[in-house]
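Reviewing the structure listed below.
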């Protein structure tokens with residue numbers, strides 16, 4: 001048993017870990033993910049489930065980097081499509 005704040009934080013971290021693993025296994029977030037993005041999502045999801053604080057922070061950082069790379073790549077693709085239209 002833990003306090004409600006600790007339980008809520010653990011639940012949210014576990015949800016983020018599962019989301020990262022889902023993207024890694026399906027290869028899709030907003031569009032198809034690259035091999036590097038899938039690797040970062042997978043490693044981040046696994047590390048979020050780690051028992052130590054620094055492991056969790058590292059996992060969150062990897063998920064953040066993967067998300068930024070993914071949406072940044074999509075943004076540049078969409079900008080190219082708009083310029084060519």
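The values are calculated or read from the model by the stated rules, or taken from the named source; none is laboratory data. Bear in mind the structure is a predicted one, so any value in this text is a computation, not a measurement. Methodologically, a virtual Cβ is constructed for each residue, glycine included, from the backbone with ideal geometry; neighbour enumeration extends over all protein chains shown.
Details
- The stretch 30-69: number of residues that are assigned to a helix (DSSP H, G or I), within 14 Å of the chain's Cα centre (by Cα) and modelled with pLDDT under 90: 0
- Per the conditions (1) under 26 Å from residue 1 (Cβ atoms); (2) touching a helix residue (DSSP H, G or I) at 6+ places or on another chain (Cβ under 9 Å); (3) at pLDDT below 95, the sole criterion not satisfied by residue 27 is (1).
- Neighbours by Cβ (under 8 Å, 6+ apart or cross-chain): first from the stretch 1-24, over 15 Å from residue 48 (Cα atoms); second surrounded by fewer than 13 Cβ atoms within 10 Å (Cβ to Cβ): 2/10
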